[in-house]
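Single-structure report; data block below.
The values are calculated or read from the model by the stated rules, or taken from the named source; none is laboratory data. Keep in mind the model is a prediction, meaning the values are calculated, not measured. Here the Cβ positions follow ideal geometry from the backbone for every residue, glycine too, while neighbour counts run over all protein chains shown. Heads up: the accessible areas ignore ligands, DNA and RNA and are worked out on the full protein's heavy atoms, side chains in. Shrake-Rupley method; radii C 1.70, N 1.55, O 1.52, S 1.80 Å.
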Amino acid sequence: MNTLTAKLNREFAWRMTAIIILLLAICIWSIYDGRIGWPQENAALDKVRPTLLATNLTAEAWLNSDGKSPSLLQKAFLDAGVTAPESYIRKVGEYRLSDADTDRREEKRAFLAMQLRLFFAQPVHSRIDLMTQDFQAVLCLTLAVIMAITLLGISKKDYKLEDGILSGSGVGAELKLTDIISVDWKRWKRKGIVVLTTADGRKIKLDAWHHKGMTAIITAIAESRPELKTNEAVF
């Protein structure tokens, strides 16, 4: 029998690495938003809030602009030496009176102006918002670490099939194919995974997605021990 080997599948490794990098990026972004960016936006609003609360203007009045000069809302922030957060401008826009709302418009406009003043009294980002960013950062970091440890463990495993003996770090003690008493093929078609049960009670998982070359090894095992194949074992 030719020597067959299986080692870490680089495509799988690259995909795992990309996800880990993405999770770390989200983690860093969340830390920045929760600890720096969003508190800075809250601080900017603190400087502007007295000006916003000193009037009873509608959202339309605050946001109206000819496209060349800043709106009253933007100007209020600029006069305080800060820039209006885009998310804040969008939220103020939610207090505009809809053109489709034709019934009792002035009464509703006054109500929305009152609601807008209540909105101005609140921070851009609440304490819950900031805590959520911390939670998201911890979650993403935890998932990234788990995936990195998993990938490292998979990368350290290798397999070799030679002269009817399966060996390698993923197997442990050498395994004669004649010592395999059963093969679980349930996940073979869908995930490329089989589980060997040995005479000494071991269960050895062989994963063709994690390790390149594993399909050839599994096929060779099936050919060497045809009595272990089932209708699910299709090659």
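Over the range 127-235, what percent of the accessible surface lies on carbon and sulfur atoms, probe 1.4 Å? Present the calculation step by step, with values, prior to reporting the outcome.
Working: 3680 of 6370 Å².
In the range 127-235, the share of accessible area belonging to carbon and sulfur is 58 percent.
How would you rank 165-171, 36-42, highest first, on the average number of other Cβ atoms within 10 Å across their residues?
165-171, 36-42
Return the tail of the calculated pair distribution for the range 142-187, meaning the percent of Cα-Cα pairs more than 17 Å apart.
53 percent
Are there any helices in the chain, counted as whole DSSP H runs, that stretch 20 Å or more along their axis by Cα and score at least 0.5 on average by Kyte-Doolittle, and if so which?
10-32, 127-155
Which value, in Å to one decimal place, does the Kirkwood hydrodynamic radius take for the range 112-235 when every pair of different Cα atoms is included?
So the Kirkwood estimate lands at 18.2 Å.
Based on the Kirkwood radius over alpha-carbon pairs, what is the Stokes-Einstein translational diffusion coefficient of the range 31-154 at 10 °C with 1.306 mPa s viscosity, in µm²/s?
94 µm²/s
Which residues does a label at residue 108 reach in the range 39-75, if reach means a backbone N under 18 Å from a point 7 Å past the Cα toward the Cβ?
Correct set: 58-61.
Compute the convex hull volume of the Cα atoms of the range 186-235, divide it by the residue count, and report the result per residue in Å³ as a whole number. Kindly include the intermediate steps, with their values, before the conclusion.
Details: hull volume 4.0 nm³, N = 50.
Expressed per residue, the convex hull around the Cα atoms of the range 186-235 is 80 Å³.
Counting only Cα, what are the radius of gyration and maximum Cα-Cα distance Dmax of the chain, in Å?
Reported Rg and Dmax, both Å: 31.5, 89.
Could you state the accessible area per residue of the chain in Å², with a 1.4 Å probe and every protein chain left in place?
61 Å²
What nm value, rounded to one decimal, do you get for the distance between residue 74 and residue 165 when each label is placed 7 Å out toward the C-beta?
Distance between the two pseudo-spin positions: 7.7 nm.
Send over the Kirkwood Rh of the range 83-176, from the inverse of the averaged 1/r over different Cα pairs, rounded to one decimal Å.
19.5 Å
In deg cm²/dmol and to the nearest 500, what is the mean residue ellipticity at 222 nm of the chain if only DSSP H runs of at least 4 residues count, each as -39500 (n - 2.57), divided by the residue total?
The helix contribution divided over the chain gives -16500 deg cm²/dmol.
Can you give the three extents of the C-alpha atoms in the range 1-79 along their principal axes, from longest to shortest, in whole Å?
87, 28, 18
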